[in-house]
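K.L.:
Below are the structure tokens for one structure; questions will follow.
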Amino acid sequence: MRALLDSFLDYVSLERGLSQNTRMAYADDIVRFIDFLAKRGVSTFNDVNRKHILDHLMDEKARGLSANSLSRHLVSLKVFFRWMAQEGMLDVNVAETMDSPKVWKMLPGVLTPKEIDRLFEAPDLKTPLGIRNRAILELFYASGLRVSEMADLQLTDLHFDENFLRCIGKGRKERVVPVAKTAIKWVRRYIEEVRPQLSPGVQEQTVFLSRQKQPMSRKTIWVMIKQCARDAGITKTVYPHSLRHSFASHLLVNGAELRIIQEMLGHADIATTQIYTHVDPDRLKGVHRQFHPRA
């Protein structure tokens, strides 16, 4: 099975001309599947059935993979199985007609308002980095930014006198996002008290900097939020997108229109935003009671 994988990886590199990153992604996905099959006692790909693939995807989902990552994982397996079928190495391509996990309607993890409060109290405000971390948490929840947008945020993007910021999202699309006064207060405190200690010079315009006086990476922000969640005693899996999800869900619960939330999140398609209508069952029941003739 590993020999077949090596041949496939040579094919995608040499014949299809795919990048090294794509080759590595295929390799990682398929190796994980081979390891899964080995635990099930499956030694050839001709013995694989649809249930094996589905069970493997469910294991990956339980490991924490998102719907998008699972979808990419399945694509890797489908391309691999299609190649084996074309090369005459496979009797039946059981992966060909499998649906993308994107249709599984995986709901985003959302923190409660009380958990948000506990998360905000986690940074040690007696330290400069604690003030910086509090500012980042407040701004995430106040704006719904993606972690990449937070990491790339520039001083010139902040228009706090008018209570908004500008950011560049997916597809290099610029959007304007309102920011609550509490978050503005914390970011201003960080900029005035802490950032001068971290900045290598006036030429550095990135808002949030590390202790190494460099722009914070997405990974550094992710690790910081995970640590704050642990310090706050939150048992849920918390990551930067949790604050983005919470921002959108809490707006919806409190009556914000879905189209407005779509604009603030920078979603190109309203269908992407509509996932948040599934998050709050009390709101759905309330709408049903209000509008259904037999409720």
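K.L.:
Length gain on complete extension for the stretch E192 to L125, per 0.36 nm per residue less the alpha carbon to alpha carbon distance?
P.N.:
22.7 nm
K.L.:
Over the chain, what is the relative contact order in whole percent, taking alpha-carbon pairs under 8 Å and six or more residues apart?
P.N.:
So the answer I get is 16 percent.
K.L.:
Give me the net charge for the shell around L155: Cβ to Cβ below 11 angstrom, other residues only, Lys and Arg +1, Asp and Glu -1.
P.N.:
Neighbourhood net charge equals -1.
K.L.:
Counting each pair of different Cα atoms once, what's the Kirkwood radius of the chain in Å, rounded to one decimal?
P.N.:
Radius from the Kirkwood sum: 22.1 Å.
K.L.:
Right, next: Label 7 Å along Cα→Cβ of R50; region 62-103 residues with amide nitrogen under 13 Å?
P.N.:
Taking a point 7 Å out along Cα→Cβ of R50, the residues of region 62-103 whose backbone N falls under 13 Å are 93-100.
K.L.:
Further, regarding this structure: Compute a Gaussian network model of the chain, connecting alpha carbons closer than 10 Å, and tell me which residue from T112, T272, T97 fluctuates the most.
P.N.:
Taking springs between Cα atoms under 10 Å, the residue moving most is T97.
K.L.:
Assuming R0 = 25 Å, what is the FRET efficiency of I168 and I260, from their Cβ-Cβ distance, to the nearest 0.05?
P.N.:
So the FRET efficiency works out to roughly 0.80.
K.L.:
If you stretched the chain out fully between Q274 and D35, how much longer would it get, using 0.36 nm times the residue separation minus the C-alpha to C-alpha distance?
P.N.:
Result: 82.4 nm gained on full extension.
K.L.:
Follow-up. Please sort 13-20, 189-196 by packing, taking for each peptide the average over its residues of neighbouring beta carbons within 10 angstrom, highest first.
P.N.:
189-196, 13-20
K.L.:
Pick from S43, S199, S66: which residue has the top mean-square fluctuation in a GNM of the chain where Cα pairs under 10 Å get a spring?
P.N.:
S43
K.L.:
Another question, if that's okay. Let me spell out the model: positive unit charges on the Cβ of Lys and Arg, negative unit charges on the Cβ of Asp and Glu, origin at the Cα centre of region 124-167. What dipole size does that give, in debye rounded to 20?
P.N.:
It works out to roughly 200 debye.
K.L.:
Just from its helices, what would the mean residue ellipticity at 222 nm be for the chain, if runs of 4 or more DSSP H residues each count -39500 (n - 2.57) and the sum is divided by every residue, rounded to the nearest 500 deg cm²/dmol?
P.N.:
Rounded to the nearest 500, the figure is -16000 deg cm²/dmol.
K.L.:
Can you tell me how much longer the chain between D99 and Q212 gets when fully stretched, taken as 0.36 nm per residue apart minus their C-alpha distance, in nm with one decimal?
P.N.:
Contour length minus the Cα-Cα distance gives 36.1 nm.
K.L.:
Moving on. Only sites in a loop by DSSP and with at most 16 other Cβ atoms within 10 Å count here; which trypsin sites (Lys or Arg not before Pro) in region 19-71 make the cut?
P.N.:
Those satisfying the criteria are R40, R63.
K.L.:
Then there is this: Take L14 and T220, extend 7 Å from each Cα along the Cα→Cβ direction, and tell me the distance between the two endpoints in nm.
P.N.:
Between L14 and T220, the label points sit 4.2 nm apart.
K.L.:
Running a GNM on the chain with Cα contacts under 10 Å, which residue among L243, L54, L119 ends up with the highest mean-square fluctuation?
P.N.:
Of L243, L54, L119, the Gaussian network model singles out L54 as fluctuating most.
Only the coordinates and a few stated rules stand behind these numbers; no lab work does. Keep in mind that what you see is a predicted model, and the values were worked out from it rather than measured. Positions of Cβ are backbone-derived with ideal geometry, glycine not excepted, and every protein chain shown enters the neighbour counts.
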